[in-house]
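Each remark here refers to the structure printed beneath this line.
The values are calculated or read from the model by the stated rules, or taken from the named source; none is laboratory data. Computed from a predicted model, the values in this text were never measured in an experiment. Quick reminder, even Gly has a Cβ in these numbers, built from the backbone with ideal geometry, and neighbours come from all protein chains shown. Just so you know, the surface numbers come from the protein's heavy atoms only, side chains and all, with ligands and any DNA or RNA stripped out. Shrake-Rupley method; radii C 1.70, N 1.55, O 1.52, S 1.80 Å.
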Amino acid sequence: MMSVDVHSHILPGIDDGSRNSEQSLAMLAEEAKQGITHVVATPHFYARHSDPDTFLAKRAVAVQVLERDMAGRTDLPQIILGAEVHYFSGIGESEHLARLTIENTRLVLIEMPMPPWTESMYRDLENIYLFQGLTPVIAHVDRYIRPLHTYGIPKRLEQLPVLVQANAEFFLEPATAGMALRMLKKGQIHLLGSDCHNLSDRAPNLGEAHRVITQKLGKTGLSEIHRFEAILCGE
């Protein structure tokens, strides 16, 4: 069965994630060990620091290096290219956003600032869909909410044409696991990622989150996640 890590910093030498190809291969091996079949590489894109041409050229170099070193390996997950696009005012009308989507999809991973979020920010997210025909995927929603202070974000996002991604850590931390499972059951989480950067403090951990979800919610606990993963992979 397909299992997708939709948020990772696994490409070598492009952002604060993997330092080199050797580390990337080790991270991919760990993903495979956990049953992950596809990894979406989502290096950071900051419009205030770079432009799409420069970013995509750097990403292409990182991919070329990694693919060279992966040659002949059949034991590693398939890499899907993407980007983690940091929110900026007016993003809904940006002419460049379609170049930063997840490969072969109309999905674009958006990293929001820390809350509270203004109504203009929510409108920007909606405009990504209305004006560009792209579906925003809200990166690591768990970063923005806490069990006692959610800023109304989960309910507000339900009203928008967006998908919501949560990090594996959300399901693994005792303080947030209950909330994570409730949100998943309510359909407020659509995709999961490890947001892995290395093999130490931010290592691949999605397999463990899958185990917790299945243990707590049963065999069907991941069914909706797998449905959205299949759409992402064009199946």
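Brief remarks follow.
- Within region 26-66, being open to solvent by less than 30 Å² (accessible area, probe 1.4 Å), among the aliphatic types (A, V, I, L, M) and within 17 Å of Leu206 (Cα to Cα) holds for Met27, Leu28, Ile36, Val39, Val40, Ala41.
- Looking only at region 212-226, and only at residues there that are assigned to a loop (DSSP other than H, G, I, E, B) and open to solvent by less than 80 Å² (accessible area, probe 1.4 Å), the one that is nearest to Gln23 (Cα to Cα): Leu222
- Members of region 8-25 found to be open to solvent by less than 50 Å² (accessible area, probe 1.4 Å) and among the polar types (S, T, N, Q), listed by number: Ser8, Ser18, Ser21, Gln23, Ser24
- Scanning region 31-52 turns up at least one residue that is basic (Lys, Arg) and in contact with a strand residue (DSSP E or B) (Cβ under 9 Å, 6 or more places away or on another chain).
- Among residues of region 130-160, those that are over 17 Å from the mean Cα position of the chain (by Cα) and more than 18 Å from Ala175 (Cα to Cα), counted: 11
- Checking each residue in region 9-32 for being closer than 20 Å to Asn167 by Cα and touching an Asp or Glu at 6+ places or on another chain (Cβ under 7 Å) picks out His9, Glu31, Ala32.
- Positions within region 69-118 being among the hydroxyl-bearing types (Ser, Thr, Tyr) and open to solvent by less than 70 Å² (accessible area, probe 1.4 Å), in sequence order: Tyr87, Ser94, Thr101, Thr105, Thr118
- Taking region 34-75 as the range and being over 18 Å from His9 (Cβ atoms) and touching a Pro at 6+ places or on another chain (Cβ under 9 Å) as the test, only Thr37 passes.
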